[in-house]
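Worksheet: the structure to be examined is printed underneath.
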Amino acid sequence: MKTATRSAYFAGSRARVSKRTAGIVACLCLLIYVLLSPVVAMPLYNKLLLFYPWKYPSGYYDQARIRDITPEDVYFRSANGNRLHGWYYQKPKCSKTLIVHHGQGANVSACQFLAGMFLDCDVNVLLYDYQGFGRSEGEPSIEGLLENGLSAFDFVCEGRKVPSKNIINCGESLGTGVAAYVTEKRTCGGLILYSPYASLIDCAKQRYPFLLVYPRIMFPARELECRTCVAGSHPPLLLVHGTLDQVISISNSDELFAMATSPKKYMRIENDYHDPTNWNYQPAFKGFINSLK
């Protein structure tokens, strides 16, 4: 083989190898992109980024008594069959019941500060755990949380015989999407969104920029969000958010209040709600609850 021909042959071989290698690398990158997309890897994101449950006996179960009220351990079934656990605080002569849809971590035993604030507002309080939290069966998932929220509401309405107009949904952080969803599906007397997000997907992209490479179609079809509820017909609404919140930006509450229909109230507080030295939301809660018919 002549030298020029041999050189051309080897150059062509190297080009073919380079193209093949580039193709393999591109296919691997595409495979990794798809495998790590939220729609495929949601169970992984659930464990690493979204849910931080404490399973019983982790927590403060020996501190259940609040304001001289010992809660009743209650159990009820979610629509998917999981048995859920909660604490029901019955305050004498109170006709209204407030349901706390809590945040992404811990369990009911870590929600005493919320229960105490609401008991001081003269309402009964249901703290309950989503599936996979505390004593509740199953594993956490977005779909599960939505079903759990409806089941908690139905338990109060049917199991405790509380009229729906006397039930208040309160969502905290991650639970605001659950509270908004339940309010869309069930008639209730009031809605409190405490450090809410407009859209969980948008909030996740703000906090984890690597998710920006994924379009909406690469996320699960079911989403936790508050926009749909507040923009439509809803019961009296209270938004409460700390201006220094580093987990969910207060811009979410600003957006929700701007788009919300009336009746609505907004309490912007100069603090970070994750700082326990700055929990001063009780006056806002009490004024709102007292205003409900």
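Need the failing condition index for residue 66 against (1) without any contact (Cβ under 8 Å) to a residue 60 or more places away in the chain; (2) closer than 26 Å to residue 224 by Cα, just the number.
(2)
Check 139, 143 and return the single one that is assigned to a loop (DSSP other than H, G, I, E, B) and either surrounded by fewer than 18 Cβ atoms within 10 Å (Cβ to Cβ) or modelled with pLDDT of 95 or more (or both). Don't jump to the end; show me each part of the working.
Working: 143 fails: assigned to a loop (DSSP other than H, G, I, E, B).
Step by step, each of 139, 143 is checked, and only 139 is assigned to a loop (DSSP other than H, G, I, E, B) and either surrounded by fewer than 18 Cβ atoms within 10 Å (Cβ to Cβ) or modelled with pLDDT of 95 or more (or both).
Could you tell me whether residue 149 is of a type outside the set (Phe, Trp, Tyr), part of a strand (DSSP E or B) and in contact (Cβ under 8 Å) with a residue 12 or more places away in the chain? If you could, list the steps in order and put the result at the bottom.
On the way: of a type outside the set (Phe, Trp, Tyr): yes; part of a strand (DSSP E or B): no; in contact (Cβ under 8 Å) with a residue 12 or more places away in the chain: yes.
Spelling it out, it is not the case that residue 149 is of a type outside the set (Phe, Trp, Tyr), part of a strand (DSSP E or B) and in contact (Cβ under 8 Å) with a residue 12 or more places away in the chain.
Exactly one of (1) under 17 Å from the mean Cα position of the chain (by Cα); (2) over 24 Å from residue 59 (Cα atoms); (3) part of a helix (DSSP H, G or I) is unmet by residue 157. Its number?
For residue 157, the exception is condition (1).
Quick one: residue 115 ticks every box in (1) of a type outside the set (D, E, K, R); (2) more than 16 Å from the chain's Cα centre (by Cα); (3) closer than 24 Å to residue 43 by Cβ bar one, so which box is it?
(3)
For the range 124-136, what are the residues that are assigned to a loop (DSSP other than H, G, I, E, B) and either crowded, with 22+ Cβ neighbours inside 10 Å or in contact with a Gly (Cβ under 8 Å, 6 or more places away or on another chain) (or both)?
Within the range 124-136, 129, 130, 131, 132, 133, 136 qualify.
What are the residues in the range 228-260 that are assigned to a loop (DSSP other than H, G, I, E, B) and either without any contact (Cβ under 8 Å) to a residue 40 or more places away in the chain or over 22 Å from residue 293 (Cα atoms) (or both), if any?
233, 243, 244, 245, 246, 247, 248, 249, 250, 260
Please verify whether the range 87-103 includes one or more residues that are of a type in the set (S, T, N, Q) and part of a strand (DSSP E or B).
Yes - at least one qualifying residue is present in the range 87-103.
Among what's in the range 184-194 and is touching a Pro at 6+ places or on another chain (Cβ under 7 Å) and either assigned to a helix (DSSP H, G or I) or hydrophobic (A, V, I, L, M, F, W, C) (or both), pick the residue that is surrounded by the fewest Cβ atoms within 10 Å (Cβ to Cβ).
188
Can you go through 49, 84, 98, 30 and tell me which one is in contact with an Asp or Glu (Cβ under 7 Å, 6 or more places away or on another chain) and hydrophobic (A, V, I, L, M, F, W, C)? Give the steps one after another, and end with the answer.
Details: 49 fails: in contact with an Asp or Glu (Cβ under 7 Å, 6 or more places away or on another chain); 98 fails: in contact with an Asp or Glu (Cβ under 7 Å, 6 or more places away or on another chain); 30 fails: in contact with an Asp or Glu (Cβ under 7 Å, 6 or more places away or on another chain).
It is 84.
Do we have any residue at all in the range 48-60 that's under 29 Å from residue 141 (Cβ atoms), modelled with pLDDT of 70 or more and assigned to a helix (DSSP H, G or I)?
From the range 48-60, those under 29 Å from residue 141 (Cβ atoms) are 48-60; that's our starting set.
Those left that are additionally modelled with pLDDT of 70 or more: 49-60.
With the extra rule that they be assigned to a helix (DSSP H, G or I), the set shrinks to 49-50.
Within the range 48-60 (the criterion being under 29 Å from residue 141 (Cβ atoms), modelled with pLDDT of 70 or more and assigned to a helix (DSSP H, G or I)), the answer is yes, since at least one residue qualifies.
Say whether the condition of being surrounded by 22 or more Cβ atoms within 10 Å (Cβ to Cβ), in contact (Cβ under 8 Å) with a residue 40 or more places away in the chain and assigned to a helix (DSSP H, G or I) is met by at least one residue in the range 166-175.
yes
Name the residue, out of 135, 160, that is among the basic types (Lys, Arg) and either out of contact with any strand residue (DSSP E or B) (no Cβ under 8 Å at 6 or more places or on another chain) or closer than 20 Å to residue 185 by Cβ (or both).
Going through 135, 160 in turn, the sole match is 160.
The values are calculated or read from the model by the stated rules, or taken from the named source; none is laboratory data. Just so it is clear, the structure is predicted and the values come from calculations on it, not from any experiment. Quick reminder, even Gly has a Cβ in these numbers, built from the backbone with ideal geometry, and neighbours come from all protein chains shown.
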